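The values are calculated or read from the model by the stated rules, or taken from the named source; none is laboratory data. Keep in mind the model is a prediction, meaning the values are calculated, not measured. Cβ placement follows ideal geometry from the backbone for every residue including glycine, while neighbour counts extend to all protein chains displayed. For the accessible areas, the whole protein counts, side chains as well, though only heavy atoms, and no ligand, DNA or RNA atoms are used. Shrake-Rupley method; radii C 1.70, N 1.55, O 1.52, S 1.80 Å.
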Amino acid sequence: MAARFTRAELESFRDAEVPDLLPGAGGPPLRLLFVGINPGLWTAATQTHFAHPGNRFYPALARAGVIERAVDPAAGMSAQDRDHLLQRGIGVTNLARRATARADELTVEELREGGRRLVRTVRRTGPAVVAVAGITAYRSAFGVRGAKQGRQPEDLEGAQLWVVPNPSGLNAHETVDSLARAYAAPARAAGVL
């Protein structure tokens, strides 16, 4: 069941950070690292990636078979849900650390710094595949103007690099089905599917 927040409550989470969802020492290997643009205010309020009730990330993962159970993170993700993702070899991080109401509030320099931080994270965690959710943010973060969605020609620190559609409800032309198809491809490459 979704939590309920007033606009003022959500605004109080502006610039907050959300910890990465990554396996700890001795945990299962990280196979697929999803990279969001930055935490939204709802995500910051619940400390759960892609938590806004209108976000299609978890429904698309379930539809694609990437996860084997429904996850409803709108009130915060349960320990069992986090464990399910980690046991499947799935992690989540963001390019930019600070929470905003909209991703277009970020500066290009924040995204570039996020790209550099992502390189360090991938070097440290060693996923097989990295999937960045958002073509415009990817282009800004890595200075690749002509990049298109899908598998990128260059790897990132030894990991296959993919760009997939952003699951935000603001990305209205995408559906749960189209997102599921897009997320299934890097999941297959990572051996999750």
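Data table
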item: Shape category assigned to the range 1-155 from the gyration tensor of Cα positions, a/c cut at 1.5; result: oblate
item: Listed residue (Gly26, Ala190, Phe142) projecting farthest to the positive dipole end of the chain, Cβ model; result: Ala190
item: Share of carbon and sulfur in the accessible heavy-atom surface of the chain [1.4 Å probe, %]; result: 51
item: Probe 1.4 Å, protein heavy atoms only - accessible area per residue of the range 24-128 in square angstrom; result: 41
item: Summed side-chain charge close to Val192 - residues other than Val192 whose Cβ falls under 13 Å, Lys, Arg +1, Asp, Glu -1; result: +2
item: At most 13 other Cβ within 10 Å, DSSP loop - GluC sites (Glu not before Pro), the range 75-184; result: Glu154
item: Gyration tensor verdict on the range 111-180 (Cα atoms; rounded if a/c is under 1.5, prolate if a/b is larger than b/c, oblate otherwise); result: prolate
item: Sum of side-chain charges, Arg181 neighbourhood, beta-carbon under 15 Å (Lys, Arg +1; Asp, Glu -1); result: +2
item: Tail beyond 12 Å, pair distance distribution of the range 1-48 (Cα, percent); result: 68
item: For the chain, size of Cβ-based charge dipole, Lys and Arg +1, Asp and Glu -1, in debye; result: 380
item: Global size of the range 64-193 as Cα Rg and Dmax, reported in angstrom; result: 14.6, 40
item: FRET efficiency estimate (nearest 0.05) - Cβ-Cβ, Ala25 to Glu68, R0 22 angstrom; result: 0.30
item: Virtual spin-label span in nm between Glu109 and Arg145, 7 Å along Cα→Cβ; result: 2.2
item: Accessible solvent surface per residue of the range 130-193, calculated while the other protein chains remain in place, 1.4 angstrom probe, Å²; result: 47
item: Qualifying GluC sites (Glu not before Pro) for the range 8-96 [loop in DSSP, other Cβ within 10 Å: at most 10]; result: Glu68
item: 19 Å cut-off, amide nitrogen to a point 7 angstrom out along Leu193 Cα→Cβ, residues in the range 88-115; result: 88-92
item: For the chain, calculated [θ]222 nm from helices alone, where every DSSP H run of n ≥ 4 adds -39500 (n - 2.57); result: -10000 deg cm²/dmol
item: Longest segment of the chain lacking trypsin sites (Lys or Arg not before Pro) that sit in a DSSP loop with at most 13 other Cβ atoms within 10 Å; result: 15-68
